[in-house]
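Taking it in order: structure first as structure tokens, then the write-up.
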Amino acid sequence: MSTVPDARAGSNTPTPAPGSFRPASAPIACAHCGLDVPAGLIEADAERQFCCTGCRTAYAILHEHGLGQYYAFGEKRDAPVRPTGKKYEEFDHEAFQSLYVKPLRGGLCATELYLEGVHCTSCVWLVERVPLLLSGVVRAELDIRRARAHVEWDPSVVNLSAIAQQLDMLGYAPHPFRGVAAEEMRRKEDRAMLTRIGISGALAGNIMLLALAQYSGWFSGMEAEYERYFRVISLLLTIPSLFGPGWLFFQGALASVRTRRLHIDLPIAIALLAGFTRGAVNTISGSGPIYFDAVGTLVFLLLSGRFLQNRGQRAAADAAELLGSLAPNAARVLDTGGERSIPAEALLPGMVMSVRAGETFAADGDVAEGRSAVDCSLLTGEPRPEAVELGTRVYAGTVNLTGPLLVKVTQAGEMSRLGALVRRMEESARRRAPVVQLANSIAGWFVAVVLVVAAVTYVYGLRTDPARALDNAIALLVVTCPCALGLATPLAITMGIGRAARAGILIKGGDAIEALNLPGLILLDKTGTVTEGRVRLVRWEGADAVKPLVAALERESSHPIAIAVQQAWPVIELLETQDVSQTNGGGMEGTVAGHRVVVGAPVFVARRIGADEHAPEVRIEAFAEEGLTPVWVAVDGAVVARAGFGDPLRADARESVERLRALGWRVALLSGDHPAVVRGVAARLGIDLADAAGGASPEEKLRRVEEARTHGTVLMVGDGVNDAAAIAAATVGVGVHGGAEASMSAADVYLSRPGLGPLVELVQGAHRTMLVIRNNIIFSIAYNILGATLAVLGILDPLIAAVLMPMSSLSVVLASWRGRSFDAPVAPAAAVGTSSGVPRVEPSR
């Protein structure tokens, strides 16, 4: 593929005659989305104005069905409705239904859909009113955080394609969720664990009330029949707690015995069983202490801690699912019967796809007919479109920009380049060795020592004081029960993760916190990470009178530079255009207000006006030195203006890089952009040019990350889908604010605030959290040593041990709660600018 230059933006002409353009009048707001209505769409006598036909349609649908209260929301959609116009026929296909639709009782069906354009609570309100818009839709629920809708309907009344079209017309283009079975299994696992916690908590509460009554009897006395009654009821309540929810620990202990590897569940199970057995014997005999309150409380606390520890450790499957969903779920194929739509899963090599401008390729293939430009940023991270023609290879997930194409399929589904990238992500996540937390690193030795000491205590007691031998051994097992040690790490991490979330840093698991405590290599993607990730007009050399001509011409294109022009000059009245044409890899030309205007790459413009390609006015060295994409403008055969487009550097980027270095990290750039552009950004950030790698494909990024991991900790920071596999393979992957959903899902950490400042806070907060963990573990070990010593000496009886055991856990909870880990977000740094006040920028992606 040849690279299309970032060129094509301003056009110029001699100063237009007075009155040929005028400033726009006061803007008129769209009745649906509230954005400004373009001058060409304003209807003079209309009561309500709309910025596009999509908003007009959505407005009519809502009022037709009595849903006008949507507009009373203070927070609502602030983007125009852009329906795709698709028929969604593939949603009714048998292959699609078998993959994504679940039958329900009563002849109903259910499915999960990803929705584009979900923004706020008004979106939730609107999507969940779909049953009022379509007969046959029984239920619609929207998870705003995941932009995922659960829909139930009666297929005998309405087709799924009709539901999809209705959502599309409201501005929420639907895509199938490709993980229904896995999601259902997760829900069952979570429900089962929460049920265990609920049952054990209820039983523990009642057992503690009974224990309180018995403890009260110590001081004022209690009649024997009542004491026996409380003991028996406590026993009856402890049995279902221990052998119901608590059976999970016995399963772990049995597995530990079978595999001959000591596990922390083993002493827990022994302590629970010993305490229960001794309590049951004492209940039957009517004398001696019972430990049912300690047993019941321990089961509840340990189940709660395990549930918290396991939450958020399922990112790999979500990442792969979301990345896979970026490819379209349907494709139009040509056969003897004409053009028809089929599910993407039904595509086979040799089929011919029809792909229109603006659509995404559903499979890899070779162009069989047509010429166009393709946005490959999904795979390469490079914003510059690439020109394609007959025989050029195109890939699933990339976007056809300018012209219709016929593509002969070569690889589809899992065999496509995008599918291979998904597989690499999954493999990287599976290969990632689980981080052994500090508590578990000593668990084997701890368990062995506790068991040996308890056995020695019992044997020695049989010789010296047989009446207290068993009590001393039980007291030892209870007081040294690794509850505090087991909770030390997950509780501190849970508290740290919660505080980080309040600071706009979303951490998915404790392994990321532990890994960040060991400084290593930080690999930063360029576009969207250290830069703002958007093309912007940075430099303009030409008369203001030329701008209306350029804006009018660029209105006819959807190229990123054309969009940047429209954003730079939003209030210029657009002039009439004629004979407009666009050349892939070059630029645009046409007649504007009677003037022949050419806008594009310098060489393209020179050829169109018959100038020397090497003439001084065509040279671009000054722009290249600034890392800007040059765009020349010619009017009536003469170059009259020059424009430079770039991607602004984030205001806090350089300061953040310096702070990360001070914390012991080596910082490098790894980008898919042109190597020269990457080196320019590295120089501005103060990064050694040897650590600035450009032109890296997703596969190359993944290879570099895997290679760097062999030398230590690797932190990969990115925002694009092309970074997702490398993010998943890194020791810790970080997705940044404004990034693609796939990279955010693949990441271990997501920074919800813009800039690199939150990255510095992440590293510092992880270090402080590990200090809290170490302090908890030291306290737990010291407590266990002291308690074990008192139990062995016979100073500590089982009852006092049962009281001290939860006290140690409570101490760990309080220490984790009071520990200083992540601070509140700091104020953003001042914007970086030049002396002229114009923001300093870097080249685009």
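Tabulated values for the structure
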| quantity | calculated |
| --- | --- |
| Length gained when the stretch Thr360-Leu108 is fully extended (0.36 nm per residue, less Cα-Cα span) | 87.5 nm |
| Computed lengthening from Arg139 to Asn517, 0.36 nm per intervening residue step minus Cα-Cα distance | 131.4 nm |
| Solvent exposure of region 199-261 as accessible area per residue, Å², 1.4 Å probe | 62 Å² |
| Modelled FRET efficiency - R0 45 Å, Asn775 with Glu700, Cβ distances, 0.05 increments | 0.60 |
| Cα-based shape type of region 520-610, given that a ≥ b ≥ c are square roots of the gyration tensor eigenvalues and the cut on a/c is 1.5 | prolate |
| Vicinal HN-Hα couplings computed from phi for region 531-543 (Karplus, 6.51 cos²θ - 1.76 cosθ + 1.60; Hz; Gly/Pro x) | 10, 7, x, 9, 6, 9, 6, 9, 9, 9, 10, x, 6 |
| Karplus (6.51, -1.76, 1.60) ³J(HN,Hα), θ = phi - 60°, over region 447-462, in Hz, Gly and Pro reported as x | 4, 4, 5, 4, 5, 5, 5, 5, 5, 5, 4, 5, 5, 5, x, 4 |
| Convex hull per residue volume in Å³, alpha carbons only, for region 196-295 | 91 Å³ |
| Accessible surface, region 531-609, averaged per residue in Å² (probe 1.4 Å) | 42 Å² |
| Hz values of 3J(HN,Hα) by residue in region 353-364 - Karplus curve (6.51, -1.76, 1.60), Gly and Pro given as x | 8, 9, 10, 8, 4, x, 9, 9, 6, 8, 7, 6 |
| At R0 = 51 Å, FRET efficiency that the Cβ-Cβ distance of Ser98 and Glu227 yields, to 0.05 | 0.20 |
| Accessible-area value, Val37, 1.4 Å probe, nucleic acids and ligands omitted, Å² | 10 Å² |
| Cross-link pairs Lys87/Lys408; Lys188/Lys508; Lys102/Lys701; Lys188/Lys701 - those with Cα-Cα distance over 30 Å | Lys102/Lys701; Lys188/Lys701 |
| Cα gyration tensor category, rounded, prolate or oblate, for region 486-553 with a/c compared to 1.5 | prolate |
| Virtual spin-label span in nm between Glu43 and Ala455, 7 Å along Cα→Cβ | 8.9 nm |
| His711, His32, ranked by accessible area, largest first (probe 1.4 Å) | His711, His32 |
| Long-range HN-HN contacts of Val538 with modeled amide H, under 5 Å | Gly644, Phe645, Gly646 |
| Computed accessible area, Glu43, all protein chains, 1.4 angstrom probe, square angstrom | 80 Å² |
| Surface share of carbon and sulfur [accessible, 1.4 angstrom probe, percent] for region 488-553 | 57 percent |
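The values are calculated or read from the model by the stated rules, or taken from the named source; none is laboratory data. Remember, it's a predicted structure, so these values are computed and weren't measured experimentally. Every residue, glycine as well, gets a Cβ built from its backbone with ideal geometry; the counts of neighbours run over all protein chains shown. Ligands, DNA and RNA are excluded from the accessible area calculation, which covers all protein heavy atoms including side chains. Shrake-Rupley method; radii C 1.70, N 1.55, O 1.52, S 1.80 Å.
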